[in-house]
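Single-structure report; data block below.
The values are calculated or read from the model by the stated rules, or taken from the named source; none is laboratory data. These figures come from a predicted structure and were not determined experimentally. Cβ atoms come from the backbone with ideal geometry, glycine included; neighbour counts cover every protein chain shown. All accessible areas refer to the heavy atoms of the entire protein, side chains included, with ligands and DNA or RNA removed. Shrake-Rupley method; radii C 1.70, N 1.55, O 1.52, S 1.80 Å.
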Amino acid sequence: MSDTTLQPEQQTTNPAPDWQAASARLQLLRNNINRLLIGQEQVVDQVLVALLASGHVLLEGVPGLGKTLLVRTLANCFGGHFRRIQFTPDLMPADVTGHAMYNMGESRFEVRRGPVFTNLLLADEINRAPAKTQAALLEVMQEKQVTIDGQALKVPSPFMVLATQNPIEQEGTYPLPEAELDRFLLKVLIDYPSLDAELKLAAAASSGRIERGLQQKLAGEITIDDLQQLQALVLQVDLDEQVLNYAVRLVRATRQSPQLRSPAGPRASIGLLQAARANALLHGREFVLPDDIKAMAIPVMRHRIGLSPDMEIDGETPDSALAMIIDSVEAPRL
Amino acid sequence: MQVKNLAVRARLRSPWESIDLGIALARRYWWQLFIVWLLPAATLLTLCYWLFPESPMLSGLFIWWLKPVFDRLPLFMISRALFGSPVSVGTALRHFFSPNRRDWFLWLTLRRLSPTRSFDMPITVLEQSGGKARSSRIGVLHRKHSGAATWLTLTLYHIEIFLLAALSMLAFLFIPEQYAEGIEWMPLLQGDTLWLEWLYNALYLLIMAAVAPFYIVSGFCLYIGRRIELEGWDIEIQFRDFLERQQRERRARRRETPGTASLILLCSLALGTMLSAPPPANAETVDTPQQGQERIDEILAGEDFHQMKEISGWRKKEVDEVKEKFPQWLIDFIEWLIDFIEWLFERSPEDTESDSDFEWGPEIAKILELLFWLGLIGGLGYFGWKHREAILNSLQWHSSPKEQQAPPETLFGLDVRQSSLPADVCAEVMRLWASGDKRASLGLLYRATLSHLIEDFAFYFGDHLTEGECAQLVRARQLETEEELRPVSPTLSHFVQELTANWQQLAYAHRPPAEAQVSTLCSQWQEEFGNDR
């Protein structure tokens, strides 16, 4: 039992935030996206959590489930810039980040910025490119900057990478290195929509309503400044010491499980707390519940753990292994 | 060797699953096992090359013959890794002689060509059994997995040969065509070129070292799988977890209410005994341990334990042969069938005289029809017998009563028995609220609610469930009531949701509700549970 609440210091200096308005704005954003991306409410929620927590997302799903539409809709909803890179085996790091080029007319080098200089970057089929090109994203994902010709260039804020990978086609792919995987806040699985959702989706897409929705300005669209304010607000969400303790215990439980080859590291604890705070804000709360931690535990950790050989033989997935681990950890007590 | 430290999940596996697991583990530890197998063998081969440069074939055979010696170190390493105390390559190499002390002579002579070597080796190296103990152990272990172990040996031996042939072909393919044509094959095939034979030895050594980890670890996993099956490690691990959980709860309880700790232990022991023991024999009840001991002594002194019989001379082993007797109805049926067939073919003297008039077609059709019906009845009978359990279950599942679980006494680290609650919960809640201890006040109300939900409504709230999930379970029961469980009314469900929301606000946001809200909750509580006490 603890009365300690971990709150950031700036809360004491800043005026009290308007949680109601923030919640209403987020609901509007969520509804706008759900109106265009039909039947993927959970995916939308998780992507919004990552956006609010200033994290990156690894999307996994078979082609044709609306991954690109999701990113376009997201960019459209907050008025941000959106770019897409199709990763291929011959893609070079400079194609991603940019490069310095000699301008013969002016007799000087000039920097040509790559597609990473945007707000939302869709790295499509990221595992098709070799490790060298994948690693080009490491710096920009962690430091939010790119070094070209010794010069560090900041990418616009907010910056978010949404990388996709196909779970079925493994031929000719390069699995993402663990260091890079660890930099994704969440790994989101996109599954087929339900029957009702698919009926609505098919009707909307075939009548061109979705495409029109993308072209026109949405009512109540939030600006980049609004989004940055919301991101700042996430840091002010209250976190009780018991909840903090629960999050860390969950992550540490993966290190005691003999069923895992590689457990989650401290970055998972940090990511879990960030995601839980954002999830609380998305659900209109100004404090984190153990339920937020539990809801975010699998998306935060599923790509950071490695299953042991016997679990793989038994057909277990990271999700099922994590579910077992979560069930073995006691929730916070009275 | 501590079973609780086992790095793989202890569960029953078929031999092929065990081999799969072995292959997967061998891939994971391949480098270490390859090195510890290769280094001693390569040292010995180098020594042979130095001492007997003229005898490459014998040297190769010598190394091959010593495989059981080289196999022991990887086995030692993988066994340590699997039981949670891995050793490095250097440490393992320093221990080269210690696993090789026992039974080395027998392994290099009588047992050298044993097809189940990798399966049997752990008995020598890890259990350190020998002589009769080993034989009886082998006898028990071999009852099931020896076939798979033999196939493992055969398969991997063939893989070694295929790899050797493939690598030789690969080397040959690298020889330019103009040189390949000029190669004189006869001296090479007759073994006149020493360097080539030494090269072959080195190549085969590498192949043996590469395949050995898969062979050793797969055999070891077969052995582990068999022991899990024989000794019930999976059950043992579950009991250990159960005991640990009980001890943890006991420690937590000791902090809360020391008096009830012994009760939990007693319950856990009773539960453990119930789970592990066979159905009760309903023996006479005794009041004290002394009386029990006297009764045991009395039984042991009885005639059943003092019968002596001397038998000498050779005789056939007495085996309890179960002579299957055909049931009378079957015999009757077959007799009837024989009579029927005889009747079918029975012909009158007139018929015998006029054979040309007899029509075979309808008779054969009758027999075929009979056979068809017999086949159908037999097939249905066989199907019913084979799936009898599933059919019985599907017929009985409605009527089988669900075992009532005893309600837990602790939850969320707190005593949730109704007897632990104050006589007047609401009065105590309001008293604590007035005294300023708001957390304790609302906590008591929440605990009292949980207590009633568990004992009156048979809810099961696991340790891992959060308050929100408990509230969801209540809501789910309200929406979909199971027949055998007490239904939850909408007002109770609403009350639980509201109380949970208020409790979460207080516990995690440190924002207590207004006093009026607490008194409303108290009156709602009184309405829901006030009459239960």
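Details
- Each residue in the range B:37-56 was checked for being under 22 Å from B:Pro213 (Cβ atoms) and either not hydrophobic (A, V, I, L, M, F, W, C) or not in a helix (DSSP H, G or I) (or both), and 3 of them qualify.
- Among the residues of the range B:61-97, just one is open to solvent by less than 50 Å² (accessible area, probe 1.4 Å), of a type outside the set (Val, Ile, Thr) and free of Cβ contacts under 8 Å to residues at least 12 places away in the same chain, namely B:Gly90.
- Just one of the listed residues (B:Val518, B:Val496, B:Val488) is modelled with pLDDT under 85, surrounded by 13 or more Cβ atoms within 10 Å (Cβ to Cβ), under 30 Å from A:Ile293 (Cβ atoms) and more than 14 Å from chain A (Cβ to nearest Cβ), and it is B:Val488.
- Leading residue by the ranking (nearest to B:Gly443 (Cα to Cα)) among those in the range B:521-533 that are open to solvent by 70 Å² or more (accessible area, probe 1.4 Å) and either within 14 Å of chain A (Cβ to nearest Cβ) or in a loop (DSSP other than H, G, I, E, B) (or both): B:Arg533
- Residue check, B:Arg134 assigned to a helix (DSSP H, G or I) and within 23 Å of the chain's Cα centre (by Cα): no
- Candidates A:Val288, A:Val237, A:Val248, filtered to the one that is touching a Ser or Thr at 6+ places or on another chain (Cβ under 6 Å) and either free of Cβ contacts under 8 Å to residues at least 60 places away in the same chain or more than 13 Å from chain B (Cβ to nearest Cβ) (or both): A:Val248
- Among the residues examined, B:Ala180 does not qualify as in contact (Cβ under 8 Å) with a residue 60 or more places away in the chain and small (Gly, Ala, Ser).
- Here B:Ser98, B:Ser59, B:Ser79 are screened, and the one residue that is assigned by TED's automatic domain parsing to the domain that holds B:Thr153 and not in a helix (DSSP H, G or I) is B:Ser98.
- Counted residues, the range A:24-37 - those being touching a residue at least 60 places away in the same chain (Cβ under 8 Å), open to solvent by less than 30 Å² (accessible area, probe 1.4 Å) and either farther than 15 Å from A:Ile222 by Cα or small (Gly, Ala, Ser) (or both): 1
- When the residues of the range A:200-217 are filtered to those that are outside any helix (DSSP H, G or I) and modelled with pLDDT of 75 or more, the one that is nearest to A:Cys77 (Cα to Cα) is A:Gly208.
- Qualifying residue in the range B:11-21 (condition: facing chain A (nearest Cβ under 10 Å) and in a loop (DSSP other than H, G, I, E, B)): yes
- Within the range B:27-38, residues that are within 14 Å of another protein chain (Cβ to nearest Cβ) sit with their Cβ atoms under 9 Å from residues that are outside any helix (DSSP H, G or I) and surrounded by fewer than 17 Cβ atoms within 10 Å (Cβ to Cβ), at 6+ positions apart or across chains, in these pairs: B:Arg28/A:Arg261; B:Tyr29/B:Pro86.
- Residues in the range A:241-264 that are under 19 Å from A:Leu181 (Cβ atoms), part of a loop (DSSP other than H, G, I, E, B) and out of contact with any Lys or Arg (no Cβ under 7 Å at 6 or more places or on another chain): 1 in all.
- Taking the numbered list (1) more than 31 Å from the chain's Cα centre (by Cα); (2) under 22 Å from A:Pro258 (Cα atoms) in turn, B:Phe97 passes all entries but (2).
- Of residues in the range A:72-129 being of a type in the set (Phe, Trp, Tyr) and buried (at least 17 other Cβ atoms within 10 Å of the Cβ), the one modelled with the lowest pLDDT: A:Phe78
- The residues on offer are A:Arg304, A:Arg261, A:Arg277, and the sole one that is more than 10 Å from every other protein chain (Cβ to nearest Cβ), surrounded by fewer than 24 Cβ atoms within 10 Å (Cβ to Cβ) and either under 17 Å from B:Tyr508 (Cα atoms) or not polar (S, T, N, Q) (or both) is A:Arg304.
- Considering each residue of the range B:499-512 in turn, none proves to be open to solvent by less than 50 Å² (accessible area, probe 1.4 Å) and more than 14 Å from chain A (Cβ to nearest Cβ).
- Residue within the range A:308-325 that is polar (S, T, N, Q) and surrounded by fewer than 16 Cβ atoms within 10 Å (Cβ to Cβ) present: yes
- Only residues that are part of a helix (DSSP H, G or I), within 13 Å of chain A (Cβ to nearest Cβ) and either farther than 15 Å from B:Ser493 by Cβ or at pLDDT below 85 (or both) were counted in the range B:443-467, giving 7.
Rundown of residues vs (1) of a type in the set (A, V, I, L, M); (2) outside any helix (DSSP H, G or I), yes/no style:
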residue: B:Tyr179; (1), (2): no, no
residue: B:Asp192; (1), (2): no, yes
residue: B:Trp198; (1), (2): no, no
residue: B:Pro213; (1), (2): no, no
residue: B:Ile216; (1), (2): yes, no
residue: B:Gly219; (1), (2): no, no
residue: B:Phe239; (1), (2): no, no
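- Residue that is open to solvent by 40 Å² or more (accessible area, probe 1.4 Å), at negative phi and without any contact (Cβ under 8 Å) to a residue 60 or more places away in the chain, where the choices are B:Arg143, B:Arg112: B:Arg143
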